[in-house]
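Taking it in order: structure first as structure tokens, then the write-up.
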Amino acid sequence: MTSKFSLPTDQEPKVDQNALREFAAGAAEHRIRHEPLPWAEYDPADSPKYSISIRVNDYHMAMLRHLAQQEDRSQQKILRAILIPGLEQKAGANAGGS
């Protein structure tokens, strides 16, 4: 016995690819709009407490050393001044401006 909701087994269901893409995009946007951003609970003005390391080549290390010397600032402060605004811009763009 077959259910009245069963698809015939000799036919593949027709899928509208554009409708499927729109559905998936809408689902992702719905999730993004309704979930709090992971950093929303933290104060951006808090003092830094984490340290990370990144790998750079000789070319970029020479740039960093030069900038630090020219600006009479630490390499860490140079990187932070570049990294934080870039992170915030990228995160804002990915969160739909939220």
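Quick notes on this structure:
- Count of the stretch 46-66 residues which are under 14 Å from LEU83 (Cα atoms), over 25 Å from the mean Cα position of the chain (by Cα) and exposed (fewer than 10 other Cβ atoms within 10 Å of the Cβ): 0
- GLN76 passes every criterion in (1) exposed (fewer than 10 other Cβ atoms within 10 Å of the Cβ); (2) polar (S, T, N, Q); (3) under 28 Å from ASN94 (Cα atoms) apart from (1).
- Look at (1) at pLDDT below 95; (2) not in a helix (DSSP H, G or I) and you find that GLY92 fails only one, number (2).
The values are calculated or read from the model by the stated rules, or taken from the named source; none is laboratory data. Note that the coordinates shown come from a computational prediction; the quantities given were computed from them, not determined experimentally. Because the Cβ atoms are built from the backbone with ideal geometry, glycine has one as well, and the counts that use them run over all protein chains shown.
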